[in-house]
Amino acid sequence: MEDYVIEMLHITKEFPGIIANDDITLQLKRGEIHALLGENGAGKSTLMSVLFGLYTPEKGVIKKDGKEVKINNPNDATDLGIGMVHQHFMLVDIFSVLDNIILGSEPSKFGFLTKAEARKKVLDLSNKYNLKVDPDAKIEDITVGMQQRVEILKMLYRDNDILIFDEPTAVLTPQEIDELMKIMKDLAAEGKSILFITHKLNEIMEVADRCSILRKGKYIGTVDVANTTKEELSSMMVGRNVKFAVDKTEAQPKDEVLKVENVCVKSKLHSNDSVHNVSFNVRAGEIVCIAGIDGNGQTEFVGALTGLDDIASGKITLCGEDITKKSIRYKNTHGMSHIPEDRHKHGLVLDYTLEENMILQRYFEPAFNKHGIIKKNEMRKYSERLTEAFDVRSGQGAKTIVRSMSGGNQQKAIVAREMDRNHELLIAVQPTRGLDVGAIEYIHKEIVKERDAGKAILLVSLELDEVMNLSDRILVMYEGEIVGEVDPKKTTLQELGLYMSGAKRDDRKEAK
Amino acid sequence: MLLLIQYTLIFSAVLILVALGGMFSERSGIINLGLEGIMVFGAMAGAMVMVLLPADASRFTIIVLTLLASAVAGMLSSLLIAVACINFKADQTLIGTALNMLATASATVIIKGFNTARSGGTDFSAKLDYVRGHNAFMFSIGKLQLSWFIVVAAVLLVVAIVFFYKTKLALRIRSCGEHPQAADSVGINVYAMRYIGVLMSGFLGGLGGIIYICAANSTWHFDYGVAGAGFLALAVMIFGQWKPERIAWSAVLFALFRSLSNVYMGIGFLHALPISGTVYNMFPYIVSLIVLAFTSQNSRAPKAEGIPYDKGAR
Amino acid sequence: MEKTSFFKRPAVQTLLASILCAILGIILGYVILCFMNAEHAAEGMSAILVNFFKYRIASTSTLMKYMGSFLVKAVPVILCAEAILFAYKAGLFNIGVAGQYTVGIIASLYTSLALGWNWFLCVLAAIAAGALWGFLAGLFKAFFNVNEVIAGIMFNWIGLYICNIILGGEKCMNQSKSETYEIRDVNPSGLLPGFMQDVFGGNEYMTIAIPITIILAIVILVVLNKTTFGYELKATGHNKDAAKYSGMNAKRNIILTLVISGAIAGLAAGLYYLTGIEHFKIASSVPGMGFNGIAVAFLGGLHPIGAIIAGLFVEYITLGGQYLNTNYYNPQVADLMISIIIYLCGFVLFFRTILNRPGKVKVNANAEPDNTAKKAEEKEV
Amino acid sequence: GSSSDGAATEGGEAEGSGYRIAMITDSGDITDMSFNQTTYEAAKAFSDANNNGDFQYYKPTEDSDDARIASFENAVTDGYNVIVVPGYLFAKMIAKVAPDYPDVTIIALDCSEFDFKDAGMETLPENVCSFTYQEELAGYMAGYAAVKEGYKKLGFLGGMAVPAVIRYGFGFVQGADAAAVEDGIESDVEVNYVYGGQFYGDDAITAQMDTWYSNGTEVVFACGGGIYTSACEAAVKVDGKVIGVDVDQSGTIESQYNVEGLCVTSAMKGLAATVNTTLTDLFAGDWSKYAGKIENLGIVSGDDPSANYVQLPMDTWTMKNFTVDNYKELVKSMNDGTVKVSSDTEAMPSTSIKVKEFDNIH
Ligand SMILES: Nc1ncnc2c1ncn2[C@@H]1O[C@H](COP(=O)(O)OP(=O)(O)OP(=O)(O)O)[C@@H](O)[C@H]1O
Ligand SMILES: Nc1ncnc2c1ncn2[C@@H]1O[C@H](COP(=O)(O)OP(=O)(O)OP(=O)(O)O)[C@@H](O)[C@H]1O
Ligand SMILES: [Mg+2]
Ligand SMILES: [Mg+2]
C-alpha cells in the first residue's frame, strides 16, 4: 500500500453545458510535489476547487489518509489541513498583509482581535520559510510576488500540510520563481504534500516528483518526472508534439517605425519618475523586447506609449509622425496595435459578446458603421472570420459572452483582433501570460508571422524563455531606465539576469 | 446659538446612526438605498410604543422599550432587503427604492388602521402623537436641551468605531464587501456576513428613524415619510468614505449646516444678511459638493458592493 | 446559428417575469384588502382593476376622457424611467433624475409663465435645464471622481430649493394661492398642442406629449442597441478601462450620458407641466417622480419599451386607488400595492432563472470581483 | 365600491330625501385637522343622523383640476348627488362640472366670487352654492385679544399661503395693531410673521418657532391644520402660548401637550355649522335659499357672538385681562361698523406696530 495523503477517486464535475472533470483520479503521496498539467480549460482549477471544497462534485469520492471525507466548504478543507493558493489571488486589496493572513482564522478574545499573537506567528513563519513580507503593508501596495508569499503564509498559518498551488508562477519573475521552487522543495522536505499546477514544463522538471496530466476534462495519466521528458509531457497534454523553440529566420529590419526619445513618466506612488529617459527605436520586421523584472516601469512605459497614462516628457514618433500628444483613438487608427497586459481590465468588455469585442476599436469605421448605426451583419461576419482564422473557441460562437470564455481563448481573441487591425507597430505585453504551451506556441508563431510580414513588434515580457526565444533585440529595463541592450543570440540567461537585477548596466550613449 | 448647538447635536445623532447603518451594509457588500424606508419603519414602531405605553410607565421603561422597538422594526424591515438581495440576488438599487416606497405606503396604511382601531373609528389619520414619550427622552444641562437619543447615538458611535476596527466580525464583514470570493475561500460565510451587515443597518437605521421624528417633534405624519433624511445619510456615508470616524464628522458638518438653515433667523447677524432662507437650505448641499470635489479623487466604495454573491455552482 | 426559442429570449423572459410580479403583487394586494376589511375585499380589488373602465356604462366619451388622463399622467414617470435606464445602461446610476425633473419644472414653467414663450421653446428650455443639471453631476463625476449617486442627491436638493425660489416668486406663483398660475390664462401659447383630443372625449390635457414619449422610447431603444453611440456608452458602462483602451473618451461619455439622461428627465417635466394639468406648489422634499422612475425602469426590465408598459401599469394601479370605497379602505392602499409589486420585481432575476433552468450561465466563483460585472444581467436590451 | 351602488342608491331614495352626500378632499387628506377634516366630520355626522350614514369621501389622486373632476364624476357615477367640496381649489372643477350635472347639488366652501371669476364663471348655476368666511375678522379678534391680554411679542405661523390663511394672518396683524394703538403701546408690540408652506409641523418649522420663542415671542397664532404642533413643541419648552384656529383647539392642544393654559384662545370659523345648516335646509327642501349664491359669512349678530360665523370660543375662555365682556364689546363694534377690518390679501396691512416678515419656511 502506498502512503497517499489525498486520493481523489473518479471525480466528475459538470458545469452547465460542460463536463469540466470527467472521472478523474488523482493520488497524492505524502511529502511529494505532484504536478498537474493540462491545457487551458482542461479542468485543473476545477479539480482543485473540488478538493478545496469550493465545488461539490457530482460523482467521486475523496479520501484523506485512506479514509473517505466530505469536503463541503473551505472550512472542511482547512480542518483536513488542505490549503490552496488560488490562480486569482484571494486577497482583500485594502487589508493589510496580516489581516489577510489571519482572515477566517483570526485569533481573538471575546470577539476582539488579538493581533499581537498573530503577528508573532506570522513573523516566525516568514523567517522560517524565508517568505519576506511586511505584515502592515496593504495588499494593493505590494508586488504580485509578495502577494503570493502572503497566500503561502495563509496556508502555513493554518498549519496546512496539503498545499495546492494553482498556477503560482504565471505571475512571477524568474527570480521569484526560483525562490518559490526552493520554498516548495523545503516544504516538501518537511513532509508537506504539494499539488502544483503550472503550464511551464521546466518547472515541473525541476521540482515535481510526479505529474498527472489532464486533457479536456479527462485523466490521461501520471508519470514519474525523473523518467520522463518535456516532450513526452507536452505530447501527453495536447495529444501531439509541441515545438518549444520558436521557428524563426533572421530578422530583416527595414525602416524605423517607432522612435522613443527621452520618455519620462511620473510615478503615482513616489516622487521619482517611474520611467526615466527611455529612448530606443523599433524597425519594421524586427521584434524588440523589453525585458525586466516586474515593477520596473514596464507597465507605466507602455501606458505612456499607448496613451493610457500621462507622459511627463519626451517624444514618441510613429512612422515619422510625432504622436506624443495624440489620443488613444488616434494612435489606434494610425498604426498602433496593443495586446494589453491585463486582458480583463483593458483588453475586453467581459459582458459584451465576442463579436462586439472584436470591433472594440473599429466600431466607428465605415466597415461597421453607417450613419451611426452599427452594421451587425458585418460585425458578425468579421468576428466569424477572425475566430476561425485564429481558432478562438467559444460556446456560442460570435454571440458568446466573453466572460464565459476561458482565459486562453479570451487572449486569443485579443491577439486576433490586434493582429488583424491595420497597424505598423504591434505592442504585445505579456501576450502569453497564463496560457498553455499549445496556445503559447500558437501565439508565438503568429507574432513571428507578423514580423515577417514587415511589422514592427515591441514585446514586453517577464518570461525569460519567451524573451530569449522570440526577440531579435532585447532591451533591459531596470528601475524605469533602459540599462542595457543585448542580442539574444549572443547573450546568456546569466547576463540578462545581471542586467535585470541592476548589477550590470551599459553606459549607453544617446542611442541612435 | 444654544439652539444651533441643540439642533446640530440631534441631527448629527440621526445622521451618524443612519449613515453608520448604511456603512455596515455597504461594507458587507449590499448597497442600502432603503435607509429611508428603514427609518420610517423604525420611527413607526418606536412611536407606536410611545403611544401605547401606559401613562405611569417609568422614564427608563419608555426609553428602553422605544429604542428596542425601533431597532427591532428597523431590523425586520432590513430583512426585506437581505432576503431579496442576498438570497435572491435581486438588484440592490431596485430593492432599496422599493423599500422606501413600501415603507411610506405601509406606514400610512398601518397607522391609519392602528388609529382607527384605537379610537373606535373616530381618528383615522396617519399621525401619531407621542408627547409624553418624547418628553421622557429630554433632559437639559443648564439651558441646553438635550435628549437621551444624543447619548445613545454617541455611545453607539464609539461602539461602532471600536467594533469596526477591532473585532473579528467586522474584519469578516469588511472582507465580504471587498472580495467575497476571498472571504469564502477562507471559510467565511459570505451570506451570513451580509445578513449581519444589513441587519446592522436595520438596527441603526431604525434608531435613526425614531430619533429623526423626535428631533423636534412629538407628532409625526407617517404619510410624509422621513422627507429624504435617509438619502441625506447616504450622502453622509459616502462623504465619510465608509469609515465610521469620518462619517461622524461629516454628519456633524451636515447637521450644522442644516440646523443653521433652520435657526439662522435667531442669530442676529445671519438674519440681517440679505440672504433668503432658501439659500441657507441649499448650503449644506453646496458645501458638501465642493468638499467632495476636493476629497473624492481617492475615495473608493467597497469593491464588491452591489454585486450579488454567487458561490458558483454549489 | 440556431434561433433562440421564443421563451428563451431574454426580453420575453423579462416580460413574463414582470407580469408574474404584477400578478403576485395584485394577489398580495388582495390579501391586504382582506386583512383590512375581508367583507369588501373582492369589491375593492375589482374597483381597482376595473378602474376608469367603470365609465364604460356611462359613456364612451367619458371613458375615453379618463383613458386620456391616464395616458397623460403616465408620461412623466415613463420618461423618468427612460432617463434612468439610459444612464444605467452606461453604468451610471442617475439618482439625480429627481432633481433634473425638478429643474425641468422650473424651466418649463418659468419660460411659459414669466417669459411667455411658445410651448416649443418652453419644452426646449426644460430639456436644456435637465441637461444642465445632468451635466453638472457629470462634471463632478468625470473630473472630481465624485460618486454620481451622491452628486445626484446633492443636486436634487439644490434643484428643489432653486425651484422654490424661482417658481415661488411673484412672476410664476399666485402669491395668494401658493400655486403657480394657470398657463392657459397667462400664456396659452405656452401649452403643448393637443393630440387626438376628440378621440379622447375632449380631454384638454391630451397633447403631443403622448406620441413624443413613445417616439422617444423607440429612439432610446435604437440608440442603445443599434448605434455606435450606444455601443460606446454600454462599453463604458461595463468596463471603463477597456473603453479607454479602445480609444473611447470615458469622461466625455460620462458627461454625455448624464446630459442626455438629464435632458430626458427635463423633458418629462416639460411634457407634464406644459399640459397645464398640474400646478407647482412650494415643496419641502424633492418630487418623487424621479424615484418612481427608478422603480418603473426596473419593473420594465430596463427596457425602453418595457418602461412604457410598466409606467402605464403603475399609473393604472395608482389611479385605481381612488375607486376604492373610502368607507372601507383608504386610498393609500393602492400605493402599498404598487410598492409591493415593485419590491417583487427584485425577484425577476430569480423568476427568470426558474424559467430558464438549463443552460443558464453562472457567474464563476473564481471570477475576479469586478464592479462592472453587476450590469452583466441586463446586457441584452 | 361599484357593485353595491345600485342597491345603495335605491336605499338612499327609499329614505325619501333622495339625496346622497359625498365629499371630495382638496390637496390634503380628511385628517388634515383643518377644513377637509371639519367638512368631513360635519358631513358625515349629518349623514349618520339623517341618511343612514350613506356617505363617502373621495380623494383625488393628485392636486389637479383633472383629478378633482375625476373624483367628482366618480362620486356621481357611484350615485351621489350632493357633493360637498372644501377649498378654493374647487372653483375650476365646479366651473367644469356644474353645468354638465344640473341634477347634482354642489356645496362649496371657501370658493370666493374671485375664484369663480378666475375659473370663468360669472354667475353660479342653480345647483351650486358657495360659502366663504371673513377669516380676517376672526384673526382680528385673536390679535386684538392677545395684545389686550398683555402679550407684546406675537407671532403668526401660517400654513400654506392660501387666501383663507392670509386673511386670518392679516386680520391678526390688524387686530394686534388696533389694540396696541388703543393702549398706546405701538412701540412695544411686535409681530413675527411667517408661513410654514405646509399644513403640518416638522423639524424645520419647530426650529423656527424655537428661535422665536427663545427670542422672546410670547404667543404664536398657529394658523393651518396640524401646524400647531410645531408651535406647541417650541412653546412648552419656554412656557410660551399658542392660539388655535378654525375650531376651538384648546382641548386638543392642552390634552396633547398636557399643559394647561397653553392655548390662549382660538380664531374660529363656522365651517361645521354651515355644512350642517345647508344640508339640513337642502333635505328640508329649502335649497332655493342657497341656489346659485355665494355667501360671505362673518358677523351676523352684535349681541350674541356665538351666533356668528367667526368668533372666539367663550366656553373655554381663559384670558383674564381681556374678558368675555371685552370680547362682546369688540364684536358689537365690529358688527356695527365702528371697527373696520380689511379683507385684502394682496399686501401686508400697514401698521404702527412692527411686523417682521420672515421667508416662507419651505
Ligand atoms: N463556474 C463555472 N461555470 C461554468 N463553467 C466553468 C466554471 N468554471 C470553469 N468552467 C469551465 O470548466 C472548464 C475547466 O475549467 P478550469 O478552470 O478547471 O480549467 P483549467 O484547467 O484550470 O484551465 P487554466 O489552465 O486555463 O487555468 C473550462 O472549460 C471552463 O470554461
Ligand atoms: N461557461 C462558463 N460560464 C461562466 N464562467 C465561466 C465559464 N467558463 C469559464 N468561466 C470562467 O471564466 C474564467 C476563465 O476560465 P478559465 O478558468 O478556463 O481560464 P483561465 O485560464 O483559468 O483564466 P486566466 O488565464 O485568465 O487566469 C474562469 O473564472 C472560469 O471559471
Ligand atoms: Mg485554472
Ligand atoms: Mg489560466
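Brief remarks follow.
- Residue count, the stretch D:197-217 (criterion: farther than 14 Å from D:ASN360 by Cβ and within 7 Å of another protein chain (Cβ to nearest Cβ)): 9
- Output for the stretch A:29-59, where each listed residue is away from ligand 4 (no atom under 16 Å from the Cβ), touching a helix residue (DSSP H, G or I) at 6+ places or on another chain (Cβ under 9 Å) and closer than 22 Å to A:MET237 by Cβ: A:GLU32, A:ILE33, A:LEU51
Residue-wise test of (1) at the interface with another protein chain (Cβ under 7 Å from one of its Cβ atoms); (2) in a helix (DSSP H, G or I).
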position	(1), (2)
B:PHE163	no, yes
B:SER175	yes, yes
B:ILE188	yes, no
B:ALA192	no, yes
B:LEU207	no, yes
B:TYR212	no, yes
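- So A:GLY454, is it assigned to a loop (DSSP other than H, G, I, E, B), more than 16 Å from ligand 4 (Cβ to nearest atom) and of a type in the set (Gly, Ala, Ser): yes
- Candidate set from the stretch A:75-91 (those that are of a type outside the set (A, V, I, L, M) and more than 10 Å from chain B (Cβ to nearest Cβ)); member that is nearest to the chain's Cα centre (by Cα): A:GLN87
- Against the conditions (1) among the acidic types (Asp, Glu); (2) at negative phi; (3) away from ligand 4 (no atom under 16 Å from the Cβ), A:ASP65 satisfies every one except (2).
- Looking across the stretch A:53-72, just one residue is away from ligand 2 (no atom under 13 Å from the Cβ) and buried (at least 24 other Cβ atoms within 10 Å of the Cβ), and that is A:GLY53.
- Screening the stretch A:434-450 for residues that are over 18 Å from A:VAL238 (Cα atoms) and surrounded by fewer than 24 Cβ atoms within 10 Å (Cβ to Cβ) and picking the one that is nearest to ligand 4 (Cβ to nearest atom) gives A:GLU446.
- Here A:GLU424 clears all of (1) under 17 Å from A:CYS289 (Cα atoms); (2) at pLDDT 90 or above; (3) more than 12 Å from chain C (Cβ to nearest Cβ); (4) within 16 Å of ligand 2 (Cβ to nearest atom) except the condition numbered (4).
- Of all residues making up the stretch D:241-261, the number that are buried (at least 24 other Cβ atoms within 10 Å of the Cβ) and in a loop (DSSP other than H, G, I, E, B): 1
- Every residue from the stretch D:43-75 that is at the interface with chain C (Cβ under 9 Å from one of its Cβ atoms), in contact with a Phe, Trp or Tyr (Cβ under 7 Å, 6 or more places away or on another chain) and outside any strand (DSSP E or B): D:ASP66, D:ALA70, D:SER71, D:ASN74
- When the criteria are applied in full, A:ALA428 fails the requirement of being under 15 Å from the mean Cα position of the chain (by Cα) and within 16 Å of ligand 4 (Cβ to nearest atom).
- A residue that is surrounded by fewer than 18 Cβ atoms within 10 Å (Cβ to Cβ), at the interface with chain B (Cβ under 8 Å from one of its Cβ atoms) and within 16 Å of ligand 2 (Cβ to nearest atom) occurs somewhere in the stretch A:16-32.
- Criterion: in a helix (DSSP H, G or I), modelled with pLDDT of 85 or more and either more than 10 Å from every other protein chain (Cβ to nearest Cβ) or more than 24 Å from B:LEU232 (Cα to Cα) (or both) - qualifying residue of C:LEU167, C:LEU160: C:LEU167
- Being under 14 Å from C:PRO287 (Cβ atoms) and not in a loop (DSSP other than H, G, I, E, B) is a property that C:ALA98 has.
- Total residues in the stretch A:152-204, condition within 16 Å of ligand 1 (Cβ to nearest atom), in a helix (DSSP H, G or I) and buried (at least 20 other Cβ atoms within 10 Å of the Cβ): 2
- Hey, C:LEU109 in a helix (DSSP H, G or I) and under 30 Å from D:GLY158 (Cβ atoms) or not: yes
- Among residues that are within 12 Å of another protein chain (Cβ to nearest Cβ) and either within 16 Å of ligand 4 (Cβ to nearest atom) or assigned to a helix (DSSP H, G or I) (or both), A:ASN377 is included.
- Matching residues, the stretch B:247-297, being hydroxyl-bearing (Ser, Thr, Tyr), in a helix (DSSP H, G or I) and within 13 Å of chain D (Cβ to nearest Cβ): B:SER259, B:SER261, B:TYR264, B:THR278, B:TYR280
- The set of residues from the stretch D:219-240 being among the basic types (Lys, Arg) and either surrounded by 24 or more Cβ atoms within 10 Å (Cβ to Cβ) or closer than 19 Å to D:GLY87 by Cα (or both) is empty.
- Just one of (1) within 14 Å of chain C (Cβ to nearest Cβ); (2) under 28 Å from A:HIS86 (Cβ atoms); (3) modelled with pLDDT under 90; (4) more than 16 Å from ligand 1 (Cβ to nearest atom) fails for A:SER406. It is (4).
- Qualifying residue in the stretch A:351-369 (condition: within 16 Å of ligand 4 (Cβ to nearest atom) and touching a helix residue (DSSP H, G or I) at 6+ places or on another chain (Cβ under 6 Å)): no
- Of all residues making up the stretch A:409-446, the number that are within 16 Å of ligand 1 (Cβ to nearest atom), within 10 Å of A:PHE390 (Cβ to Cβ) and touching an Asp or Glu at 6+ places or on another chain (Cβ under 8 Å): 3
- Unique match (being more than 11 Å from ligand 1 (Cβ to nearest atom), crowded, with 19+ Cβ neighbours inside 10 Å and not small (Gly, Ala, Ser)) among A:ASN100, A:ASN75: A:ASN100
- The sole residue among C:PHE93, C:PHE70, C:PHE143 that is in contact (Cβ under 8 Å) with a residue 12 or more places away in the chain, within 30 Å of D:ASP115 (Cα to Cα) and surrounded by fewer than 21 Cβ atoms within 10 Å (Cβ to Cβ) is C:PHE70.
- The combined condition, being in contact with a helix residue (DSSP H, G or I) (Cβ under 6 Å, 6 or more places away or on another chain), more than 9 Å from every other protein chain (Cβ to nearest Cβ) and either modelled with pLDDT under 90 or on the phi > 0 side of the Ramachandran plot (or both), is not fulfilled by A:ASP294.
The values are calculated or read from the model by the stated rules, or taken from the named source; none is laboratory data. If you're wondering where the values come from, they're calculated on a predicted model, not measured in any experiment. Cβ: placed from backbone, ideal geometry, glycine included. Neighbour counts: every protein chain shown.
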